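The structure under discussion is supplied below as structure tokens; questions concerning it will follow.
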Amino acid sequence: MKELLEMLAKAVVDEPDEVNVTVVEGEVSVILQLHVAPDDIGKVIGKQGRIAKAIRTIVKASAVKEGKRAIVEIIG
Amino acid sequence: MVREIETEGNSVEEAIKAALVELGADRDSVEIEVLEEGSRGFLGISAAKARVRVSVAEGSSQPAATFVKELIDKLGASGDVDVSEDSETININITGPNAGLLIGKRGETLAAIQTITGVVLRKNNIKKKLVLDVEDYRKRRAESLTEIAISAAEKALSIGRPVVLQPMNSFERRLVHLALQDNDEVITISEGEEPSRQVRVAPR
């Protein structure tokens with residue numbers, strides 16, 4: 001899930017080297033904190049949150065497969 | 001399609017790196033021709049820049065196909081990625097045993113994958129329209145939406161009242177509007193807020 005989120009974020013940002021994901025594992029939920037370069041926050045969120053929503057949807061699909069709930073936090 | 005650029009740098013290596021960044025390609029997929037070796041000169045005197053010509057031979061769909069394959073892999077799914085393109089559209093169809101996972105509820109995962117893949121294309125300066133499909137889900141959904149639209153119109157006319165369809169995303173609502181645009185007896189209106197926006201089919 002971590003690798004998946006990293007890959008999705010790297011695909012949309014200008015500075016892929018600045019992409020970093022930290023994982024906080026809970027019993028039912030996994031919190032994935034996505035760190036990107038400050039200038040890339042807009043890229044990860046997109047107009048009206050379109051990109052962020054798409055990223056969350058894909059990560060959730062992966063989480064469901066593992067029987068978990070995933071929460072993606074975007075941090076600049 | 002071949003994209004070709006010429007770049008300069010203080011060394012051949014630097015010039016190549018600049019070209020790769022500009023093309024968004026990796027070294028294995030390009031052809032490099034050194035035009036000028038360049039020289040440091042002596043204490044900066046008579047120093048000459050290195051120049052290279054770098055070309056990348058690819059269908060414009062290549063970055064998208066590579067991305068989709070990697071994404072499927074990272075999702076822990078397996079599937080074949082079939083790509084075709086014409087002058088306006090890139091079609092990517094995924095087939096395999098994990099179709100359900102890749103489609104998601106009401107096609108939402110499929111739509112999300114298409115959104116991100118679209119960003120990848122635009123980052124590579126490709127302006128073609130992208131249509132991503134899993135096991136012809138969109139095609140089948142389009143057919144059934146057309147049927148739903150037509151039967152909703154028939155029902156609206158027979159009961160003389162509007163029929164409101166289930167919530168749909170913009171792509172699906174558009175298909176309903178299109179299916180009934182030539183029907184002079186009904187009008188179609190989208191109403192409500194996302195994600196529960198619905199099409200109302202009403203007698204004229």
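To the nearest 10 degrees, how steep is helix A:2-12 against the longest Cα principal axis of chain A, on a 0 to 90 scale?
20 degrees
Can you work out the accessible area per residue across the range B:63-204, with the rest of the protein chains kept in place, probe 1.4 Å, in square angstrom?
Accessible area per residue: 53 Å².
So, one more: Per residue of B:66-78, how many C-beta atoms from partner chains lie within 10 Å of its own C-beta, taken as a mean?
What the average comes to for B:66-78 is 3.
Arrange the peptides B:74-82, B:133-141 so that the one whose residues have, on average, the most other Cβ atoms within 10 Å appears first.
B:133-141, B:74-82
Work out Dmax and Rg for the range B:33-153 from the C-alpha atoms and quote the Rg first, both in angstrom.
22.1, 83
Under a 1.4 Å probe, what is the accessible area of the range A:19-76 per residue, stated in Å²?
Roughly 56 Å² per residue, with all protein chains present.
Output the DSSP H helices from chain B with an along-axis C-alpha extent of no less than 27 Å and a mean Kyte-Doolittle hydropathy no less than 1.0.
Helix filter hits for chain B: none.
What ranking do B:101-110, A:20-29 get when scored by the average of other Cβ atoms within 10 Å per residue, highest first?
Packing proxy ranking, top to bottom: B:101-110, A:20-29.
Carbon-plus-sulfur fraction of the accessible area of chain B, 1.4 Å probe, in percent?
48 percent
I would also like to ask the following. How many Å² of accessible surface get buried when A and B come together, counting both sides, probe radius 1.4 Å, rounded to the nearest 100?
Approximately 1500 Å², summed over both chains.
While we're on this one: Just which residues of the range A:3-24 lose 20 Å² or more accessible area with every protein chain there, against their chain alone, with the probe set to 1.4 Å?
SASA drop of 20 Å² or more in the range A:3-24: A:Glu3, A:Leu4, A:Met7, A:Leu8, A:Ala11, A:Val12.
Moving to a separate point now. So how far, in whole Å, is the C-alpha centre of the range A:1-58 from the one of the range B:106-136?
The distance from the Cα centre of the range A:1-58 to that of the range B:106-136 comes to 18 Å.
Per residue of A:56-67, count partner chain C-beta atoms within 10 Å of its C-beta, then hand back the mean as an integer.
5
Please give the solvent-accessible surface of B:Leu35 in Å², to the nearest 10, using a probe radius of 1.4 Å with every protein chain present.
60 Å²
Quote the charge dipole size of chain B about the Cα centre in Debye, to the nearest 20; the model charges only the Cβ of Lys and Arg (+1) and of Asp and Glu (-1).
Result for chain B is approximately 820 debye, rounded to the nearest 20.
To the nearest 0.05, what FRET efficiency results for A:Val64 and A:His35 with a Förster distance of 25 Å applied to their C-beta separation?
0.55
Helix A:50-65 against the longest principal axis of chain A: what's the angle in degrees, Cα atoms only, rounded to the nearest 10?
With both axes taken from Cα atoms, the answer is about 20 degrees.
What is the ratio of the Cα radius of gyration of the range B:129-204 to 2.2 N^0.38 Å, with N the residue count, to two decimals?
1.12
Over chain A, with every protein chain in place, what whole percent of the accessible area is carbon and sulfur at 1.4 Å, could you tell me?
49 percent
At 222 nm, what value in deg cm²/dmol follows for chain A if DSSP H runs of at least 4 each add -39500 (n - 2.57) and the sum is divided by all its residues, to the nearest 500?
Helix-only estimate at 222 nm: -12500 deg cm²/dmol.
Also: Over chain A, what number does the Rg to Rh ratio reach, with both radii from the alpha-carbon atoms and Rh per Kirkwood?
Ratio of gyration radius to Kirkwood radius for chain A: 0.95.
Here is a follow-up. May I ask you to list the aspartates and glutamates whose Cα is less than 14 Å away from that of B:Lys69, ignoring any residue fewer than eight positions away on the same chain?
The reachable aspartates and glutamates, counting only those whose Cα sits under 14 Å from B:Lys69, are B:Asp80, B:Asp82, B:Asp133.
The values are calculated or read from the model by the stated rules, or taken from the named source; none is laboratory data. These numbers come from a predicted model, not from an experiment. Neighbour counts run over all protein chains shown; Cβ positions are idealised from the backbone, glycine included. Areas reflect the complete protein model, heavy atoms only, side chains present, ligands, DNA and RNA absent. Shrake-Rupley method; radii C 1.70, N 1.55, O 1.52, S 1.80 Å.
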